[in-house]
Amino acid sequence: MKWSEIFTSSVGKKLVMGLTGLFLISFLVVHVGINACIWANDDGAMFNRAAHFMGSSYVIRILEIGLMAGFLIHIIQGLVLEFQNRSKRTVGYQVNLGNRGSKWYSRSMGLLGTLILLFLIIHLSQFWYPNRSHQGWLLGEELNLFDRMKTTFSELWVVIIYVLGCFSLCWHLVHGFQSAFRTLGVSNNRYLSMINNIGIGFSVIVSLVFAMMPVSMYLGWV
Amino acid sequence: MEHYTMNLNLKVWKQKNAASKGKFETFEVKDISSEMSFLEMFDVLNERLINEGKEPVAFDHDCREGICGMCSMYINGRPHGPWHGTTTCQLHMRAFKDGDTIVVEPWRANAFPVIKDLMVDRTAFDRIIQAGGYISVNTGNAVDGNAIPIEKEHADKSFAAAACIGCGACVAACKNSSAMLFVSAKVSHLALLPQGDPERKTRVLNMVTQMDKEGFGACTNTGACEAVCPKEISIANIARLNGEYTMAALSADNSHD
């Protein structure tokens with residue numbers, strides 16, 4: 001069996017989604033951890049030090065390319081799957097099963113993912129792109145990201161977009177976290193219910209902490 | 001439960017053949033007994049239509065005792081109607097009230113093309129079974145059923161998966177028209193037993209390949225299939241198939257030479 005056959009089968013495509021999804025989840029842990037340094041109440045000193053660590057080493061910059069690849073594969077494969085799956089039923093139903101069979105967020109992964117993608121484009125254009133281009137795409141001098149956060153999050157509409165982005169992320173993760181493990185073959189019900197609970201906890205906590213960052217800055221808590 | 005009769009409005013999908021377009025037609029049925037099955041209610045309607053010289057509504061049915069998997073109506077937005085763990089033939093009219101309007105549609109999936117009215121072509125499932133849903137046995141006398149010891153938990157899980165009647169409700173309910181609950185039940189029921197071991201890897205690979213070829217969608221673990229399955233097949237079987245597939249695919253060689 002060829003690798004291309006494995007990863008282009010319906011199960012293989014889901015494996016790609018699950019593996020990249022879990023990789024992106026691991027990135028969220030790093031991202032939320034570093035950003036939580038804004039609450040050290042030291043005018044961003046600790047946060048900027050952590051941001052400097054992430055922006056001043058070739059090792060991490062190479063890993064960043066891997067992260068980009070993870071994002072791109074997850075996004076492209078997700079969109080392809082969404083369109084392919086939709087094309088399997090040309091004539092729809094008059095009355096839909098709706099919430100009687102599944103949760104709305106489980107059925108809306110494509111939509112939630114697209115909302116997160118739109119958020120991601122705004123987010124990268126506000127922080128990552130200006131910072132990296134300021135560095136000349138190598139290891140040049142970085143922007144003061146803490147100051148940049150404060151300026152960005154002084155606008156109410158930006159804060160609202162970020163909170164909505166985190167809301168989409170939360171529901172996307174509630175389904176995605178446990179679904180990834182099912183796709184990887186965890187079929188033991190004892191573990192599945194545990195993974196489901198951990199997934200809900202993870203999704204809510206991570207999304208809430210992310211959402212609190214722009215809110216804290218807007219309300220002047222940091 | 002007390003017996004009662006009811007008058008109903010049926011909104012039924014009528015389609016001459018696979019090539020024609022099809023549309024909903026409304027029928028009124030009167031004096032339907034609450035003790036009738038849903039299919040018997042359709043029998044009453046069809047008797048009347050035949051007597052009036054009209055075309056009866058075509059629908060699939062066979063055993064009418066909930067074990068063959070032939071009946072396949074999508075009733076008020078749910079495969080096999082409102083009752084949990086029930087086939088259409090075992091759905092009784094006491095599930096409805098006098099004056100109800102009931103919308104009846106065929107399974108909708110491109111892999112299950114409509115043959116006529118409420119009948120769909122489910123031979124795609126037969127071809128998936130042919131691709132790997134078998135075990136190698138020697139001909140001759142039947143072996144002693146207890147010759148090979150089987151762990152109780154595996155035997156139970158295998159039996160639960162083997163309860164799948166291949167009706168296709170999972171495909172009908174799935175937003176992706178995925179056949180994964182069906183295929184995973186067939187893969188699990190043999191993979192969990194020692195008798196299924198010789199073809200364990202080729203089975204899962206071949207059945208998934210055939211499933212994709214038939215035009216079913218990919219599973220996104222929404223759980224709609226499990227919720228509507230008349231035999232209450234567990235979605236954990238899908239996770240088992242995923243694991244079986246991954247292990248088989250990773251350990252498979254490039255060629256057979």
(message) List the pairs from A:103/B:231; A:103/B:30; B:23/B:175 whose alpha-carbon separation is above 30 Å, in the order I gave them.
(response) A:103/B:30
(request) Counting other beta carbons within 10 Å of each Cβ, put B:11, B:231 in order, fewest first. (result) B:11, B:231
(request) Answer with one residue from A:193, A:171, A:160: the one whose Cα lies farthest towards the positive end of the charge dipole of region A:70-204, charges on Cβ with Lys, Arg +1 and Asp, Glu -1. (result) A:193
(message) Defining a contact as two alpha carbons under 8 Å apart and six or more residues distant in sequence, what relative contact order in percent does region B:123-251 show?
(response) 35 percent
(request) Please arrange B:83, A:137 by counting, for each residue, the other beta carbons lying within 10 Å of its beta carbon, fewest first. (result) A:137, B:83
(message) Which one, A:87, A:69, A:112, is farthest towards the positive end of the dipole of region A:39-124 when Lys and Arg carry +1 and Asp and Glu -1 on their Cβ?
(response) A:87
(request) Using the charge dipole of region B:5-115 (Lys, Arg: +1 at Cβ; Asp, Glu: -1 at Cβ; taken about the Cα centre), state which of B:72, B:92, B:42 has its Cα farthest towards the positive end. (result) B:72
(message) With +1 assigned to the C-beta of every Lys and Arg and -1 to the C-beta of every Asp and Glu, and no other charges, what is the dipole magnitude of region B:123-251 about the Cα centre in debye, to the nearest 20?
(response) 240 debye
(message) List the GluC sites (Glu not before Pro) within region B:1-83 that DSSP assigns to loop and that have no more than 13 neighbouring Cβ atoms inside 10 Å.
(response) B:2, B:35, B:52, B:65
(message) What does the extension gain come out to for residue A:94 and residue A:63, with contour length at 0.36 nm per residue minus their alpha carbon separation?
(response) 6.3 nm
(request) Pull up the cross-link candidates among the aspartates and glutamates for residue A:88, meaning alpha carbon to alpha carbon under 14 Å and not fewer than 8 places away within one chain. (result) B:212, B:214
(message) If I take every Cα pair under 8 Å that is 6 or more residues apart in region B:169-234, average their sequence separation and divide by the length, what percent do I get for the relative contact order?
(response) 52 percent
(message) If amide hydrogens are placed 1.01 Å from N in the peptide plane, which non-local residues have theirs closer than 5 Å to the one on residue B:103?
(response) B:11, B:76
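Given the Cα-Cα distance of residue A:56 and residue A:4 and 0.36 nm per residue of separation, how much length would full extension add, in nm?
Result for the pair: 15.0 nm of gain on full extension.
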(request) Rounded to whole Hz and in sequence order, give me ³J(HN,Hα) for region B:171-180 from the Karplus expression 6.51 cos²θ - 1.76 cosθ + 1.60, θ = phi - 60°, writing x for Gly and Pro. (result) 5, 4, 7, 6, 5, 9, 6, 8, 9, 5
(message) Give me the percent relative contact order of chain B, please, defined on Cα pairs under 8 angstrom at least 6 residues apart.
(response) 19 percent
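Would you mind counting up the charge near residue A:47? Only other residues with Cβ under 13 Å from its Cβ, with Lys and Arg at +1 and Asp and Glu at -1.
Charge balance near residue A:47 sits at -1.
Quote the charge dipole size of the protein assembly as shown about the Cα centre in Debye, to the nearest 20; the model charges only the Cβ of Lys and Arg (+1) and of Asp and Glu (-1).
700 debye
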(message) Just to compare against my own numbers: the Cα pair-distance distribution for chain B, 5 Å bins, whole % per bin, please.
(response) 1, 6, 12, 16, 16, 14, 11, 9, 7, 5, 3, 1, 0, 0
(request) Counting only DSSP beta bridges with both residues in the protein assembly as shown, tell me the antiparallel percent, nearest 5. (result) 75 percent
(message) Can you compute the FRET efficiency between residue A:209 and residue A:111 using 1/(1 + (r/R0)^6), with r the Cβ-Cβ distance and R0 = 22 Å? Round to the nearest 0.05.
(response) 0.40
(request) May I ask for the angle, rounded to the nearest 10°, between helix B:38-51 and the longest principal axis of chain B, with both axes built from Cα atoms and the value confined to 0 to 90°? (result) 50 degrees
(message) 7 Å from Cα along Cα→Cβ at both residue B:252 and residue A:72: what's the point-to-point distance in nm?
(response) 2.8 nm
(request) Could you give the size of the charge dipole of region B:151-221 about its Cα centre, using +1 on the Cβ of each K and R and -1 on the Cβ of each D and E, expressed in debye and rounded to the nearest 20? (result) 120 debye
(message) Just to be sure I understand: with springs between alpha-carbon atoms less than 10 Å apart, which residue in A:35, A:85, A:196 has the highest mean-square fluctuation in the Gaussian network model of chain A?
(response) A:85
(request) Hand me the trypsin sites (Lys or Arg not before Pro) from region A:1-92 located in a DSSP loop with no more than 11 other Cβ atoms within 10 Å, in residue order please. (result) A:2
(message) Using Cβ contacts closer than 10 Å as the measure, can you line up B:5, B:88 from fewest to most?
(response) B:5, B:88
(message) How tilted is helix A:10-35 with respect to the longest principal axis of chain A? Cα atoms for both, answer in degrees (0 to 90, nearest 10).
(response) 20 degrees
(message) Quick check: net charge around residue B:185, other residues with Cβ under 10 Å of its Cβ, Lys/Arg +1 and Asp/Glu -1?
(response) +3
(request) Would you please give the residues with an amide H less than 5 Å from that of residue B:14, counting only those at least 5 places away or on a separate chain, with H modeled from the backbone geometry? (result) B:23, B:24, B:25
(request) Under 17 Å Cα to Cα from residue B:157, which aspartates and glutamates show up? Leave out anything in the same chain fewer than 8 places away. (result) B:197, B:226, B:232, B:244
(message) Using only Cα atoms and rounding to the nearest 10 degrees, what angle (0 to 90) does helix A:189-218 make with the longest principal axis of chain A?
(response) 30 degrees
(request) Provide the net charge surrounding residue B:243, with neighbours chosen by a C-beta distance below 13 Å and charges set as Lys +1, Arg +1, Asp -1, Glu -1. (result) +4
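All of the numbers you see were taken from the coordinates with simple rules; none came from a lab. If you're wondering where the values come from, they're calculated on a predicted model, not measured in any experiment. Cβ coordinates were reconstructed from backbone atoms using ideal geometry, including for glycine residues, and neighbour counts include every protein chain displayed.
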